[in-house]
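Presented below is the structure to which this report refers.
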Amino acid sequence: MTRDEAYQLLCEWVHNPNLRKHMLAVEACMQFYARRFAGDPAEWGIVGLLHDLDYERYPNPGPGGHPFVGVEELRKRGAPEHWCRAILSHADYSGVARQTPMEKALFACDEVTGFVVAVALVKGKSLRNVDVDSVKRKMKDKAFARAVRREDIVRGAEELGVRLEDHLATILEAMRGIGEVLELA
């Protein structure tokens, strides 16, 4: 599957513009981590782009829901099994343990991208106004972006073997690279 084919599939399945932006942000972050872990940025990016493919249609976790339905759709389209494993492993309830750098990176990028967007929205709607310290300060504020699981952000960095500060810096750099697409330039 090419990136163009993956994006076309995303557009067929995902209509919520914010969910699309989230998936684009995860794609960008996965490409950064692919370079760091000697992976294929195009391949890792596609996994990030499609990781929440079914979330809008099937938001309930578990069989018959997210991410199982999306993975079945990808299998029907001939996606490699290691892509499917990575997507399943980003949901703890899937029962698929994260083992590879790609799997660990997907988990590490997922929750934090949404949190960084929330920080940017209160910092002038621009990623240029966000730095590692501002993200860390907001992580301590439990009233801010309550739905974000901060423990998953910390655990994601730990599983990757990356200091939290370095992880946040990587996420910010990747997301700034597509700031216009995210409407947060």
Completion exercise
Dipole check, the chain, charges on Cβ (K,R +1; D,E -1), about Cα centroid: among LEU19, SER126, CYS29 the Cα furthest to the positive pole belongs to SER126
Handout entry: Sorted peptide list for 78-86, 136-144, 25-33, 1-9, criterion being average Cβ within 10 angstrom, highest first
Key = 25-33, 78-86, 1-9, 136-144
Problem - Which labelled figure in [x] 25, 17, 16; [y] 22, 18, 17; [z] 45, 20, 18 is semi-axes √(5λ) of the Cα gyration tensor in Å, once derived from the coordinates - result: [x]
Practice task
List the aspartates and glutamates whose Cα lies under 18 Å from the Cα of LYS142, skipping any in the same chain that are fewer than 8 positions away.
Solution key: GLU111, ASP133, GLU151, ASP152
Handout entry: Partnerless cysteines, meaning none of the other Cys C-beta atoms lie under 4.7 Å away, in the chain
Key = CYS11, CYS84
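If we count every other residue with Cβ under 10 angstrom of ASP54's Cβ, Lys/Arg +1 and Asp/Glu -1, where does the sum land?
Details: positive: ARG57; negative: ASP52, GLU56, GLU72, GLU73.
Residues near ASP54 contribute -3 overall.
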Handout entry: Förster radius 22 Å - calculated FRET efficiency between GLU56 and ARG146, Cβ distance, rounded to 0.05
Key = 0.55
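Can you compute the helix-only [θ] at 222 nm over the chain? Use -39500 (n - 2.57) per DSSP H run of at least 4 residues, normalise by all residues, nearest 500 deg cm²/dmol.
Taking each H run of at least 4 residues, the total per residue is -19500 deg cm²/dmol.
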Problem - Span-like helix ranges in the chain, DSSP H, alpha carbon extent 24 angstrom or more, Kyte mean at least 0.0 - result: 101-122
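All of the numbers you see were taken from the coordinates with simple rules; none came from a lab. For clarity, every value in this text was computed on a predicted model and none was experimentally measured. No Cβ is skipped: glycine too gets one built from the backbone with ideal geometry, and neighbour counts run over all protein chains shown.
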